[in-house]
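Here is the structure we will look at, set down as structure tokens.
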């Protein structure tokens with residue numbers, strides 16, 4: 001009888017361990033710092049930036065207002081700017097089952113330019129990704145800074161994967177980092193709005 005109880009207890013512990021380990025996100029959520037304000041991909045909302053003096057507008061110039069239904073994602077590009085400089089492009093989604101305001105939705109993707117003549121209105125040297133400042137880095141600098149993550153690269157693109165998170169780093173013609181894009185990969189079976 002004791003042997004049977006111990007066997008069942010072991011099975012329950014193993015199943016609980018397996019189930020709790022399978023349900024969460026994998027990888028380390030990226031933390032971006034814009035002018036001293038931290039946002040975490042997959043958990044922060046645009047409100048974290050609006051409370052720190054950033055202007056949030058969609059690419060068409062209209063303000064971030066309205067609501068998002070539950071289990072939806074938005075394909076409209078959201079721009080964060082401050083003091084006449086652009087800091088990042090954002091995409092948001094609502095992974096919850098209930099409606100939420102766009103301002104309180106979750107940021108799932110961020111991209112920004114840091115060394116580009118074409119995008120001269122972007123901030124210079126004022127953005128960190130997991131404490132790393134990519135401004136002025138070349139391919140070797142990026143690989144060293146992103147270690148222990150490994151890269152698959154093709155031409156001027158470096159791709160790093162960390163579980164559910166993907167980093168795409170684009171090098172310019174001069175060999176320096178020009179654009180950084182970070183995305184939480186989630187099921188796009190949600191409704192697109």
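Nothing in this text is a laboratory measurement; each read-out follows from the coordinates by a stated rule. Since the structure is predicted, the reported quantities are computational estimates derived from the model, not experimental observations. All Cβ positions, glycine included, derive from the backbone under ideal geometry; neighbour counts span all protein chains shown.
Measuring from a point 7 Å past the Cα of residue 99 along Cα-to-C-beta, which residues in region 28-58 have an amide N at less than 20 Å? Output list for this probe position: 46-47. Sorting 132, 182 by the number of Cβ atoms found within 10 Å of their own Cβ, with the fewest placed first, yields 132, 182. Taking 4 °C and 1.567 mPa s as conditions, region 51-125 diffuses translationally at an estimated 98 µm²/s according to Stokes-Einstein applied to its Kirkwood radius (Cα pairs). Extension gain, residue 52 to residue 186, is 45.4 nm, computed as 0.36 nm per intervening residue step minus the present C-alpha separation.
For region 27-102, averaging the sequence separation of C-alpha pairs within contact (under 8 Å, six or more residues apart) and dividing by the residue count gives a relative contact order of 26 percent.
The share of C-alpha pairs in region 75-189 whose separation exceeds 24 Å stands at 30 percent.
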